[in-house]
Amino acid sequence: MGVTMFKNRYIIPVLFLLFVIWSIIGTGFSIRDLIAGVPNLSNFIGCMFPPAWDTFVPLISPAIETIQMAFLGTVFAVVLSVPVALLAANNITPSKPVKLLARGVIAFTRTVPDIVFALIFVSAVGLGPVPGILALAIHSVGMLGKLYAEAIEEVDPGPVEAVEAVGAGKLQAVYYAVIPQVTPSFVASTLYRFDINVRSSIVLGLVGAGGIGFELIMAMRLFRYHEMLTILIIIFIVVMLSEWASNSIRAHVIGEEVLK
Amino acid sequence: MLTVNHLRKRLPNGKLLLRDINFSVGEGEFVAILGLSGTGKTILLRCINRLTTPDGGEIVLTDNGNPLNITQSDAGEIRELRRRIGMIFQSFNLVKRRSVIENVLIGKLGRIGMVRSLMCRFADDDIEMAHRALNRVGISDLADRRAGTLSGGEQQRVAIARSIMQDPCLLLADEPVANLDPTTAEVVMEHLRSISVGNGISTLAVLHQPELARRYATRVLGVRDGVIVYDGDARLSDDDFEVIYGCNDV
Ligand SMILES: Nc1ncnc2c1ncn2[C@@H]1O[C@H](COP(=O)(O)OP(=O)(O)O)[C@@H](O)[C@H]1O
Ligand SMILES: [Mg+2]
């Protein structure tokens, strides 16, 4: 008894420590290298100052492209996720095989990182924002489909049954009794995903999928450090703006909930 | 009007809940179903509009002289059948985030094409009919309120208006006033009686109190141990009460 308690108590911390050590050895992580790198890093940062303000205005249009990518990617993701979520939700799915298929789609799109989708689409359709939009749309199904399906499974079945009891079809029951119940949670999940997609679309630009991220990688490759700093400032502004926008939409929607 | 013969229903766990249910309901009758909690009264009602599939027996609904065998219906026929049967639930089952008038219009969905109903277009006639239905249950001033903001009694009246929209020949009510205070319950029961009498709608209502049955029903069915143990006058004698609710183990 005493021995098992000892085991239970220490087994997790010990395993955790072993895992940390194993990973440090595996990756060759060393504090010494880190400290040795500090002068290089400060040198690099020093090279970026001051920002190249003359490039600020020309960079606004790629920044807008990044937001447009994130926005369109999210819109397409919603269009794809709603039907997938309905097919994946226990209480709405027409049959078990369909449910498993829909859940498979959700698991697959979530597991494969958006940057992998972006690399595939860049090879397929070429450089530019289109592969980025496709990658965001498809990868977002993994998260939105899951969150939507969970919201659908939590609806009060009473009203759905009441709509079916008047002789309405399944689609009508979904439209009139399920959708109204899940709207607030759908809006919240979608805005959250939009915030993520704004940041993701910057990263996708690094692999050629357009927007401000593409400008960043180009500036880096051409050693234009002052321009890089301008781009970082613009990225900061873009992310802040998009989070502010989605927060105010969220507050507006939730405020409406409370009022009515 | 409605005839139920040898109805059987088994629970998923294998227990035979309804063993042999036989009764019929005539044109315009208001029949109360009484019985202990858990005897299968709700399931009995749900067999009649096929929210549940019975395991055996026969249910026949005769509307305008056309007999319709409920037990043998396929999916299309089940929808056709449900259009003619209104249902009132204990928990009202309104779509709380929609307006009252939209909830009433839901009663028309069974008769509207899929495409048109998905585009949210109700005919002017239907909208007018919905307002009349609300007027009928005395809440025409609440048409534009969000259903979730109404009191329980008001919500149940919206549910009644939703059923009126179906122009049903049969109304099923499952403990329609069990969640309401006594005064509000009176109002709702009065409305149920009034549409039953006024529109000649046969009503089959599970009630949680024999007292309500005595006041509003024309007849009482007592369910116990999977069969109908009482079928008769709504005024129960002490012996009748014992047959339906009594503890006969001692
Ligand atoms: N979907 C279901 N699965 C399993 N058991 C159920 C289901 N629905 C009802 N029951 C059981 O059937 C019995 C009768 O239920 P119900 O018809 O609701 O009784 P009543 O309305 O007379 O109180 C209860 O014991 C209940 O637990
Ligand atoms: Mg019940």
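The values are calculated or read from the model by the stated rules, or taken from the named source; none is laboratory data. Just so you know, these numbers come straight off a predicted model, no measurement behind them. Every residue, glycine among them, receives a Cβ derived from its backbone with ideal geometry; neighbour counts consider all protein chains shown. Calculation scope for accessible area: heavy atoms of the full protein, side chains included, ligands and nucleic acids excluded. Shrake-Rupley method; radii C 1.70, N 1.55, O 1.52, S 1.80 Å.
Please work out if A:Val160 is among the hydrophobic types (A, V, I, L, M, F, W, C) and within 27 Å of B:Leu45 (Cα to Cα).
The answer is yes for A:Val160.
Residues in the range A:210-249 that are among the basic types (Lys, Arg) and surrounded by fewer than 16 Cβ atoms within 10 Å (Cβ to Cβ): how many?
So the answer is 1.
Scan the range A:162-183 for residues that are buried (at least 22 other Cβ atoms within 10 Å of the Cβ), facing chain B (nearest Cβ under 7 Å) and not hydrophobic (A, V, I, L, M, F, W, C) and jot them down.
Answer for the range A:162-183, where residues must be buried (at least 22 other Cβ atoms within 10 Å of the Cβ), facing chain B (nearest Cβ under 7 Å) and not hydrophobic (A, V, I, L, M, F, W, C): A:Gly167, A:Tyr176.
Can you name every residue in the range A:194-209 that is over 21 Å from A:Val141 (Cβ atoms) and open to solvent by 20 Å² or more (accessible area, probe 1.4 Å)?
A:Leu206
From (1) within 14 Å of chain A (Cβ to nearest Cβ); (2) away from ligand 1 (no atom under 13 Å from the Cβ), pick out the condition that doesn't hold for B:His6.
If we test B:His6 against (1) within 14 Å of chain A (Cβ to nearest Cβ); (2) away from ligand 1 (no atom under 13 Å from the Cβ), just (1) comes out false.
Run B:Leu204 past the list (1) within 15 Å of the chain's Cα centre (by Cα); (2) modelled with pLDDT under 95 and report the number of the one that doesn't hold.
Result: B:Leu204 fails condition (2) only.
Can we say A:Glu154 is open to solvent by 80 Å² or more (accessible area, probe 1.4 Å) and not aromatic (Phe, Trp, Tyr)?
Details: open to solvent by 80 Å² or more (accessible area, probe 1.4 Å): yes; not aromatic (Phe, Trp, Tyr): yes.
It is true that A:Glu154 is open to solvent by 80 Å² or more (accessible area, probe 1.4 Å) and not aromatic (Phe, Trp, Tyr).
Based on what the data block shows, is A:Val187 at pLDDT 95 or above and of a type in the set (A, V, I, L, M)?
no
How about the range B:135-164: which of its residues are more than 19 Å from A:Tyr176 (Cβ to Cβ) and open to solvent by 30 Å² or more (accessible area, probe 1.4 Å)?
Within the range B:135-164, B:Asn135, B:Arg136, B:Gly138, B:Ser140, B:Asp141, B:Ser151, B:Glu154, B:Arg157 qualify.
Go through the range B:60-83 residue by residue and tally those that are under 17 Å from the mean Cα position of the chain (by Cα) and either farther than 26 Å from A:Pro94 by Cβ or among the acidic types (Asp, Glu) (or both).
At the first step, the residues of the range B:60-83 found to be under 17 Å from the mean Cα position of the chain (by Cα) are B:60-63, B:70, B:78-83.
Those left that are additionally either farther than 26 Å from A:Pro94 by Cβ or among the acidic types (Asp, Glu) (or both): B:60-63, B:80.
Number of matching residues: 5.
Output the residues belonging to the range A:123-148 that are within 20 Å of A:Pro184 (Cα to Cα) and open to solvent by 10 Å² or more (accessible area, probe 1.4 Å).
Once the filter is applied, which keeps residues that are within 20 Å of A:Pro184 (Cα to Cα) and open to solvent by 10 Å² or more (accessible area, probe 1.4 Å), the range A:123-148 yields A:Met143, A:Lys146, A:Leu147.
Restricting attention to the range B:185-242, which residues are open to solvent by 60 Å² or more (accessible area, probe 1.4 Å), more than 15 Å from B:Ala32 (Cα to Cα) and within 16 Å of ligand 1 (Cβ to nearest atom)?
Residue satisfying the conditions is B:Asp225 alone.
Got a number for residues in the range B:19-44 being farther than 29 Å from B:Asp167 by Cβ and aliphatic (A, V, I, L, M)?
Number of matching residues: 1.
Which count do you get for residues in the range B:47-80 that are touching a helix residue (DSSP H, G or I) at 6+ places or on another chain (Cβ under 6 Å), within 16 Å of ligand 1 (Cβ to nearest atom) and open to solvent by 40 Å² or more (accessible area, probe 1.4 Å)?
Adding up the residues that qualify gives 0.
If you take the residues of the range B:11-46 that are within 10 Å of ligand 1 (Cβ to nearest atom) and farther than 23 Å from B:Pro210 by Cα, which of them is least open to solvent (accessible area, probe 1.4 Å)?
Checked the range B:11-46; the qualifying residue least open to solvent (accessible area, probe 1.4 Å) is B:Leu11.
Condition check: within 14 Å of chain B (Cβ to nearest Cβ), at pLDDT 95 or above and farther than 14 Å from A:Leu86 by Cα. Does A:Ala137 satisfy that? Outline the logic, then answer.
On the way: within 14 Å of chain B (Cβ to nearest Cβ): no; at pLDDT 95 or above: yes; farther than 14 Å from A:Leu86 by Cα: yes.
Answer is no for this residue.
For the subset of the range B:167-184 comprising residues that are within 16 Å of ligand 2 (Cβ to nearest atom) and in contact (Cβ under 8 Å) with a residue 60 or more places away in the chain, which member is most open to solvent (accessible area, probe 1.4 Å)?
B:Asn179
Can you pull out the residues in the range B:103-126 that are in contact with a helix residue (DSSP H, G or I) (Cβ under 7 Å, 6 or more places away or on another chain), of a type in the set (A, V, I, L, M) and surrounded by fewer than 18 Cβ atoms within 10 Å (Cβ to Cβ)? Write out each step before concluding.
Applying the first criterion (in contact with a helix residue (DSSP H, G or I) (Cβ under 7 Å, 6 or more places away or on another chain)) to the range B:103-126 yields B:103-111, B:114, B:117-118, B:122, B:126.
When the remaining residues are screened for being of a type in the set (A, V, I, L, M), the result is B:104-106, B:109, B:114, B:118.
Once the filter is applied, which keeps residues that are in contact with a helix residue (DSSP H, G or I) (Cβ under 7 Å, 6 or more places away or on another chain), of a type in the set (A, V, I, L, M) and surrounded by fewer than 18 Cβ atoms within 10 Å (Cβ to Cβ), the range B:103-126 yields B:Met114, B:Leu118.
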